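Each value in this text was obtained by applying a stated rule to the coordinates, not by laboratory testing. Note that the structure is predicted; figures quoted are calculated from it, not measured. Here the Cβ positions follow ideal geometry from the backbone for every residue, glycine too, while neighbour counts run over all protein chains shown.
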Amino acid sequence: MIESFKPKFWEHVDSGAQVTRHMFNFRRIWSHGVIWTSMVSILPLIALALADYNVTQQSIESEILLRTSRLVSNTRRTLSFFLVERRAALDFIVQDNRFEALNSESRLNRMLTNLKESFGGFADLGIIDQNGRQNTYVGPYNLLGKDYSQQEWFQKVCDQGVYISDVFKGYRNVPHMVIAVRSMIGEGGFYILRATVAIEQFNQILAHLEITGQGDAFIVNHKGVLQTPSRSHGNVLEKMALPVPLYDPNTVVVEGDTDDGERLIIGYAYIEQSPFILMIVKQKEALMAPWYITRKELFGFLGVSLALIVVVILCMTTYLVNSIFLADQKRVMSLHHIEYANKMASVGRLAAGVAHEINNPLAIINEKAGLIKDLLSFGSEVKNKQKLIGSIDAVSASVDRCAAITHRLLNFARHVDVTIQPVNLEDIVREVLGFLGKEAEYRCIEIIVSAAEDIPKIESDRGKLQQIFLNLFNNAFAAMSDGGRLQIDITRKGETYVLVTVEDNGCGIPESDLKRIFDPFFSTKTKVGGTGLGLSITYGLVHELGGDITVSSVIEHGTKFYIKLPLVTKEKKNASHSCLIGG
Amino acid sequence: MRPIRVLLVDDELELVSTIAERLDLRGFEAEWETSVDKTMQRTDICTFDIAILDIKMPKISGLALKEKLEAKCPHMKFIFLTGHGSGADFEKGAAAAGEMFYLVKPIHIDVLVDKIQKALSDQGGKV
């Protein structure tokens, strides 16, 4: 299964020679491509997503806090106003009426009725003198004459002039509270107007709040006792489970936990001049629910994007690297073709030389045959016998010459296959020079071959050596003008190498070109049919034999090639046939 | 009528000697040399009517030799032989001796004889 997805380049192993091998390590290009592209595309995306996640979450949280804070603040104002309104009404009564008038039960009753109608929630009214005795009372219970002097609230209203009580059930068994105001009469005297107010309206105010997140709005006193019913924090006059929040003159929103570990948003405000604390408690989880959905979508989108990016990167990289691989394979193949063409060109060059060389002995044979015929037709047999024998000998000698030439050519053509065998370098050099001998003769080029005596036979490829030397000698001949000198030296180089130097006194190679002469397609003779491959192929062949080739040159003085060849060449497998796994 | 004197110059000894002998058999007076130096050293050089030269010879080409001989013996006619059929050589030889008198080895003796006679009766080598 995996095999079918594996791109072609994956298991490609390069073992060819310099010119014919691939220029790239495809697996490394592929892995580097994938890693780097992924890094630069995935990391910023993740960073951006995380940043966005944090910013959004923070803004949602602060939005929740802000909204809670606003709600608490508004509600506090409403409740404050509610209390202030009722206190002001009582204040107005005591300011507007004299003590005597208020002590009239009928008048007080009328006021209670008016209060009930205009404000609502008032249950009873009472006038208490400075000794704490109830002087006058209108309401559903008979509390006339009751003594409040020992009660805490009486002390407070005496001290502070106004008093708002906690919610309590009292006789009526209905939660209510007491508002009392003090009024001064004469020198140091005072009385107190005391009203009972039902908390029904409180409840309604709180109940009508629109609270999100399964919120709960209620009032507690400073001891944490619930003053209004709550949805999930206990009933009226029960102690709430949450701790009593710390005093703060402003509206405060904090986060807290229930005993179950549930996260809560708690907004509270102390209501001034009252024992009440307004609390609005919301469940954070419920508030954050829409955000959790968004978050899920965000991460889902991120995940899908990442997967998509990775898939695209993998596909694109694989495709591109495979394209490079295929293109490079084409390049290698065409180089093989060109190399072959180059070989054929040198064979063609040889053929021209060979044809010319064979022509001379053929001409001799032709003339000798003609002479024999002449002798047989013109003169007397006996007299010409010696000449005939001489002519026939000359024919045989010429045939030998032709045979030597054809053998040399055959010898050259036979060793095209890759085979490592013991060869005598000097013989090969001379054999190759044999093809160029005539040209050298005509152009008066002096050829000197010198081989040190300790040169052993080396194990190498005969055909490749022939091609190497033919290319180099051809180049030298092209570089030299008539009357030049070509010197070939063969010496030992250390224990394991033989060094062949090919030196001509031709035109030389400019310094700037020296570094590039072994590059494929580098040529200064492209206009006169040079392919720029001769030396690059030579370079490749020398390396295939495990050797090395270097060059030095002086303009107008000549060029010297150094070919270092190992005594033993390890046979290499051809690049196109090897496909080792994991190598 | 005196026999036609023919000078053959080619670096292939067996070839020139044989051609010379065969021309002798056909009534010519043929002599041969294998090197340019020896040819130029001959004192009887201008006694030849026609020179048959190999285009490619070591050190000096047949064309250069022709220039030298022509300078010395203006009356001399020339025929070129070559073992090499390259275009550049052919053009040079044909320009120097005329297309008719440029022969590619191996040559047929009758053709050579024919060419010699034509060259002498004609303006051979004087294009």
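Cross-link partners among aspartates and glutamates for A:Lys223, C-alpha distance below 12 Å, same-chain residues fewer than 8 apart left out?
Within reach: A:Asp166, A:Glu238.
Counting other C-beta atoms within 10 Å, which of A:Ser41, A:Ser536, A:Ser523, A:Ser62 has the fewest, and how do the rest follow?
In increasing order of surrounding Cβ atoms, one gets A:Ser62, A:Ser41, A:Ser523, A:Ser536.
Please compute, for peptide A:384-393, the average count of beta-carbon atoms on other protein chains lying within 10 Å of each residue's beta-carbon. Can you show the working numbers first?
Numbers: counts 0, 0, 0, 1, 0, 0, 2, 3, 0, 1.
If you average over the peptide's residues, the count of other-chain Cβ atoms is 1.
Helix-derived [θ] at 222 nm for the protein assembly as shown: sum -39500 (n - 2.57) over DSSP H runs of at least 4, divide by residue count, nearest 500?
Calculated mean residue ellipticity at 222 nm is -16500 deg cm²/dmol.
Want the number for A:Ala101 to A:Val304: 0.36 nm per residue separation, take away the alpha-carbon distance, what's left?
Length difference between fully extended and current span is 64.8 nm.
Can you quote the Å³ per residue value for the convex hull of the Cα atoms in region A:318-358, rounded to an integer?
Measuring per residue, one finds 25 Å³ for the Cα hull of region A:318-358.
With label points built 7 Å along Cα→Cβ from the Cα atoms of A:Ile293 and B:Arg5, find their separation and express it in nm.
Modelled inter-label distance: 12.7 nm.
Suppose R0 equals 30 Å; then what is the FRET efficiency for A:Glu61 and A:Val244 from their Cβ-Cβ distance, rounded to the nearest 0.05?
E between A:Glu61 and A:Val244, to the nearest 0.05, is 0.75.
Out of A:Gly261, A:Met316, A:Ile364, whose Cα points farthest toward the positive end of the dipole of chain A (charges: +1 Lys, Arg; -1 Asp, Glu; placed on Cβ)?
A:Ile364
Report, in order of residue number, the helices in chain A meeting two criteria: a C-alpha extent of 18 Å or more along the helix axis, and a mean Kyte-Doolittle hydropathy of at least -0.5; treat each whole DSSP H run as one helix.
A:26-96, A:284-377, A:381-414, A:425-442, A:462-479
When you count, for each residue, the other Cβ atoms within 10 Å and take the mean per peptide, how do B:41-49, A:256-264 rank with the highest first?
The peptides rank, most packed first, as B:41-49, A:256-264.
What is the sum of charges, Lys and Arg at +1 and Asp and Glu at -1, for the other residues whose Cβ falls under 14 Å from the Cβ of A:Asp400?
Every neighbour counted, the sum reads 0.
Enter the mean projected area of the convex hull around the alpha-carbon atoms of region A:63-122, in nm², rounded to one decimal.
4.8 nm²
Over 10 Å intervals from 0, what percent of Cα-Cα pairs in region A:337-381 sits in each interval?
It works out to 25, 24, 20, 15, 10, 5, 1, in whole percents.
Check the straight Cα-Cα distances from A:Lys330 and name the lysines below 16 Å, setting aside those fewer than 8 residues away within the same chain.
Partners found: A:Lys8.
Magnitude of the Cβ-charge dipole of chain A, K/R +1 and D/E -1, about the Cα centre, nearest 20 debye?
So the magnitude is around 1020 debye.
Explain nothing, just compute: Karplus ³J(HN,Hα) = 6.51 cos²θ - 1.76 cosθ + 1.60, θ = phi - 60°, for every residue of region A:188-196 in order, whole Hz, x for Gly and Pro.
Using θ = phi - 60°, the values come out as x, x, 7, 9, 10, 9, 10, 10, 9 Hz.
What's the percent breakdown of Cα-Cα distances in region A:252-394 across 5 Å bins, shortest bin first?
Calculated P(r), rounded to whole percents: 2, 7, 6, 6, 5, 5, 4, 4, 4, 4, 4, 4, 3, 3, 3, 3, 3, 3, 3, 3, 2, 2, 2, 2, 2, 2, 2, 2, 2, 1, 1, 1, 0, 0.
Let a ≥ b ≥ c be the square roots of the eigenvalues of the Cα gyration tensor of region B:1-58; is it rounded (a/c under 1.5), or, if not, prolate (a/b larger than b/c) or oblate?
Oblate shape, in that a/c is at least 1.5 and b/c is the bigger or equal ratio.
To the nearest 0.05, how large is the calculated FRET efficiency for A:Phe521 and A:Val312 if R₀ is 30 Å and r is the Cβ-Cβ distance?
Working: r = 36 Å, r/R0 = 1.21.
Given R0 = 30 Å and the Cβ-Cβ separation, E is 0.25.
Just want to confirm a number: the relative contact order over chain A, from Cα pairs under 8 angstrom separated by 6+ residues, in percent.
Computed value for chain A: 13 percent relative contact order.
About its Cα centre, how strong a charge dipole does region A:450-492 have in debye, to the nearest 20, once Lys and Arg get +1 and Asp and Glu get -1 at the Cβ?
100 debye
Would you tell me the mean number of C-beta atoms belonging to other protein chains that fall within 10 Å of each C-beta in A:238-248, as a whole number?
Values: counts 0, 0, 0, 0, 0, 0, 0, 0, 0, 0, 0.
So the per-residue partner count for this stretch is 0.
In nm, what is the difference between 0.36 nm times the number of residues separating A:Ala403 and A:Thr491 and their Cα-Cα distance? Please list the in-between numbers first.
Details: separation 88, 0.36 × 88 = 31.68 nm, distance 3.23 nm.
Using 0.36 nm per residue and subtracting the Cα-Cα distance, I get 28.4 nm.
Taking R0 as 60 Å, what FRET efficiency do you get between A:Glu210 and A:Lys330 from their Cβ-Cβ distance, rounded to the nearest 0.05? Kindly include the intermediate steps, with their values, before the conclusion.
On the way: r = 75 Å, r/R0 = 1.24.
So, using R0 = 60 Å, E works out to roughly 0.20.
How would you rank A:561-568, A:159-166, A:193-200, highest first, on the average number of other Cβ atoms within 10 Å across their residues?
Answer by packing, highest mean first, reads A:193-200, A:561-568, A:159-166.
Which of the peptides A:336-343, A:471-478 is most tightly packed, and how do the rest follow, judged by the mean count of other Cβ atoms within 10 Å per residue?
Result, highest mean Cβ count within 10 Å first: A:471-478, A:336-343.
Using a 10 Å cut-off on Cβ to Cβ distances, tally the other chain neighbours for every residue of A:349-362 and report the average as a whole number.
3
If you take every residue apart from A:Ser232 with its C-beta less than 13 Å away from the C-beta of A:Ser232, what net charge results, scoring Lys and Arg +1 and Asp and Glu -1? Working shown, then result.
Details: positive: A:Arg231, A:Lys282; negative: A:Asp216, A:Glu238, A:Asp259, A:Asp260, A:Glu262.
Charge balance near A:Ser232 sits at -3.
Looking at this model, which pairs from A:Lys116/A:Lys146; A:Lys6/A:Lys515; A:Lys385/B:Lys56 are more than 29 angstrom apart at the alpha-carbon?
Beyond 29 Å between Cα atoms: A:Lys6/A:Lys515; A:Lys385/B:Lys56.
For chain A, treating each Cα as an identical point scatterer without solvent, what Debye log10 I(q)/I(0) comes out at q = 0.06, 0.10, 0.11 1/Å?
With no solvent term, the Cα-only Debye profile gives -0.60, -0.97, -1.06.
Nearest 20 debye, what's the magnitude of the dipole of region A:264-340 about its Cα centre given +1 on Lys and Arg Cβ and -1 on Asp and Glu Cβ?
Approximately 100 debye in magnitude.
Non-local amide H neighbours of B:Met57 (under 5 Å, H modeled in plane, Pro and chain starts lacking H): which ones?
For B:Met57, the qualifying residues are B:Gly62.
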